Each structure stands twice: as C-alpha cells, then as structure tokens.
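Chemist: The structure's right below; bear with me while I get my questions together.
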Amino acid sequence: MTATAHTQALVLFSGGQDSATCLAYALDRYDRVETIGFFYGQRHAVELDCRAPLRDAIVALRPWRATLGPDHMLDIEAGLAALGATAMTADIAIETTEAGLPNTFVPGRNLLFLTYAAALAYRRGLGVLVGGMCETDYSGYPDCRSATMAAMQAALRLGLDRDIAIDTPLMRRDKADTWRLAASLGGEPLIEILRVQSHSCYRGERGALHDWGYGCGDCPACDLRAGGWRRFRATTPAG
C-alpha cells in the first residue's frame, strides 16, 4: 500500500448522527472519501433512506464535492438473520439483558462491518476506515471499545497484508462533544443538517421532530442523543 492510500478513506456511513459527523470529519481530513452502508434487517432501516440526501447536504457545506467519491451499499441481512434476532432487527421490546447490555446489541455487527469495509477498501485502494464507534457515551456494546478497534486493526493488517488503519474520531467523545465536533467542522448549518436529516432512533420513529432531532424519545439511542444535545446547547447556544 502506498503512502497516498493513507490520505484516502472509506467512511462507515449509516445515516445516523455519529456516522454523518464522521463523514464531515473525513471530508475535512482526507483527500479522497468514499462511503459504505449496510442493510442487515435493522428495524430502523429508515436510516438508509436518509443516507443520500444527508451526503448531498453535507458535501454542499464546504468545498468538499470534489473529495467525495462513490457510495457503496451491501446487503448482509441473510447472514445476520441466521444468527438470531435482537431488538435492533426484530419488533421486540428494548430491555437490558442478564449480561447488562441492551438487547439492541447485535453480536459482532461492527466486526462484520469492518471486515466487509476493509475488503472493499482493499479493492478501492483506500487505506483508512473511518467509523463512529465510541466508548465514552454509549450503550455498552463491546464492539465499540477502543481495545476492540485496536485488535481489529491488527487482524485486518495481518489478514489483508496491508497497512490499513481504523480511525475512530468519536471514541473519546461523549455525545455533547460529538455535537461540538460537528459545530467545529460546519457550524450551525451542519448542526441543523444533523438534527433534522440524520436518524439514530432504534425504533425508526420519524414522526416527531424534537429539539435534538427525530425519534421515539426513550430508546437508548434517543436518550444518548437528547442528553448530548442538552449538554451541548448549555455551553454552545444557537447563534
């Protein structure tokens, strides 16, 4: 892999707030950026409908259009469905399991995403995978932790025999800091795009627009997003 490859990135882009912030981050940081999304039978598949208009809105904010390359979508529903249902993929109540994790946890999901993304990046000559994994203000998923990302990066480098990197700009940020990062990248216009056009609610609710965005208001994703918004606005009023 050439040194140039490390200036070119593939963003894991779901259509949610975190991945959209990562897209803006990557466009600001790397010379060439492509995106990848996954359909895995998620009950909030409305996030996938948000992806194209969200990409278009973000790239129009800054001189980023020449940087943004193709979008890629992979359907991996059959493989994950065969492993069993979770509250992320079936219409069942969201609750905490005996393991202390919300039953929205899809075992190995991020590991699969990164493996597929790395295979595509290999083909496309892209040296960096950018993902919104975070262990600071999150639901406790073990495949979001920095130790997992470090191990996955090492495994991908060995398995592909390429010096591929995993960049997780949100890893040490809580949700308020994620809003602040977005503000530093695109100001209030980007904040408004993320608030109105991204989707994070696990139930896929887009009926009510809250001050922090669309959602049911009480699933783990909405709780985190709303709490981060309140802390962000307490220190950074809209102007």
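Nothing in this text is a laboratory measurement; each read-out follows from the coordinates by a stated rule. A quick note: this is a predicted structure, and the numbers were derived from the prediction, not measured. No Cβ is skipped: glycine too gets one built from the backbone with ideal geometry, and neighbour counts run over all protein chains shown.
Chemist: Counting other C-beta atoms within 10 Å, which of Ser14, Ser146 has the fewest, and how do the rest follow?
Modeler: Fewest to most other Cβ atoms nearby, the residues stand as Ser146, Ser14.
Chemist: Still on this structure, I have one more. Given a Förster radius of 25 Å and the C-beta distance between Leu48 and Asp223 as r, what FRET efficiency does 1/(1 + (r/R0)^6) yield to the nearest 0.05?
Modeler: For R0 = 25 Å, the calculated efficiency reads 0.65.
Chemist: Using a simple charge model, +1 on the beta-carbon of Lys and Arg, -1 on the beta-carbon of Asp and Glu, nothing else, what dipole does segment 199-239 show about its Cα centre, in debye to the nearest 20?
Modeler: Rounded to the nearest 20 debye, it is 120 debye.
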